[in-house]
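Scroll down for the structure; my scribbles are underneath it.
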Amino acid sequence: MRTYVALLYSIILGEGRRVVMSDLKAMAESLGLKNVRTLVATGNLVFESERISVAVLEKLLESAFEQAFGRHVDIIVRAAEDWRKLASSNPFPTESVEAGDQVAVRVMRKPVAEDAISGLQACASADEKVLLVGGDIWVVFSRERPSSRLLAAANHKRMGVGTSRNWNTVRKLAEMIAR
């Protein structure tokens, strides 16, 4: 058995459309996934499965989600060792300690090309930072501005399928897979 992390893209979509984590867990268990656990109510799963490719797991989970909840949601899966590598590659350790909710990573299905990051950096405010590490986009958001142009600039159309998690969530998921 191998441990995986699955991140669901934007599952809290308004009144009456919220996904209850116990229902999400039951959906994953219906696929035969083992030791399924959730973290916070925003679509984070940790589970065990036989060794299957990440792409196959993503398709299985997306199909099951659509069948169970009536809508498509992109799901990004990483093997535990890849998640640990992502967490240990955080290029903003100081900022993460000071404000873990302001540091985020956009975990990508396919790695972002090096040249795409310059467009994001151009959207960053003076007190924001953007770096590409291993094909994923790391950002330090401004505490001074309630909204950032980076969120819009890092969308699916420009960067490809991905979903963002703040450092606190990344760290907690890393702790979950260590158990």
Kindly indicate whether ARG84 is at pLDDT 95 or above, closer than 28 Å to LEU57 by Cβ and basic (Lys, Arg).
yes
Considering (1) open to solvent by less than 20 Å² (accessible area, probe 1.4 Å); (2) under 23 Å from ASP74 (Cα atoms); (3) outside any helix (DSSP H, G or I), say which one MET176 fails and leave the rest.
(3)
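Tell me which residues, restricted to segment 33-80, are charged (D, E, K, R) and under 15 Å from the mean Cα position of the chain (by Cα).
As a first pass, look at segment 33-80 and keep what is charged (D, E, K, R): 34, 37, 48, 50-51, 58-59, 62, 66, 71, 74, 78.
The answer is GLU58, GLU62, ASP74, ARG78.
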Hey, among ALA28, ALA87, which residue is among the small types (Gly, Ala, Ser) and open to solvent by less than 10 Å² (accessible area, probe 1.4 Å)?
ALA28
Quick check on this structure: which one of ALA104, ALA153, ALA113 is modelled with pLDDT under 95 and open to solvent by 30 Å² or more (accessible area, probe 1.4 Å)?
ALA113
Quickly run through segment 37-67 and pick out the residues that are in contact (Cβ under 8 Å) with a residue 12 or more places away in the chain and part of a helix (DSSP H, G or I).
VAL40, ALA41, THR42, VAL54, LEU57, GLU58, LEU60, LEU61, GLU62, ALA64, PHE65
How many of the residues in segment 7-36 are at pLDDT below 95 and either assigned to a strand (DSSP E or B) or aliphatic (A, V, I, L, M) (or both)?
8
Identify the residue in segment 58-70 that is out of contact with any Leu (no Cβ under 8 Å at 6 or more places or on another chain) and within 13 Å of LEU8 (Cβ to Cβ) and, among all such residues, is surrounded by the fewest Cβ atoms within 10 Å (Cβ to Cβ).
GLU66
In this structure, is LEU60 of a type outside the set (Gly, Ala, Ser), out of contact with any strand residue (DSSP E or B) (no Cβ under 6 Å at 6 or more places or on another chain) and within 22 Å of ALA178 (Cβ to Cβ)?
no
Determine which single condition GLU98 fails, assuming it passes every other condition in (1) acidic (Asp, Glu); (2) over 30 Å from GLU50 (Cβ atoms); (3) within 18 Å of the chain's Cα centre (by Cα).
(3)
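The values are calculated or read from the model by the stated rules, or taken from the named source; none is laboratory data. Treat the numbers as computed from the prediction; the structure is a model and nothing was measured. Glycine also receives a Cβ, built like all others from the backbone with ideal geometry; neighbour counts cover every protein chain displayed. Calculation scope for accessible area: heavy atoms of the full protein, side chains included, ligands and nucleic acids excluded. Shrake-Rupley method; radii C 1.70, N 1.55, O 1.52, S 1.80 Å.
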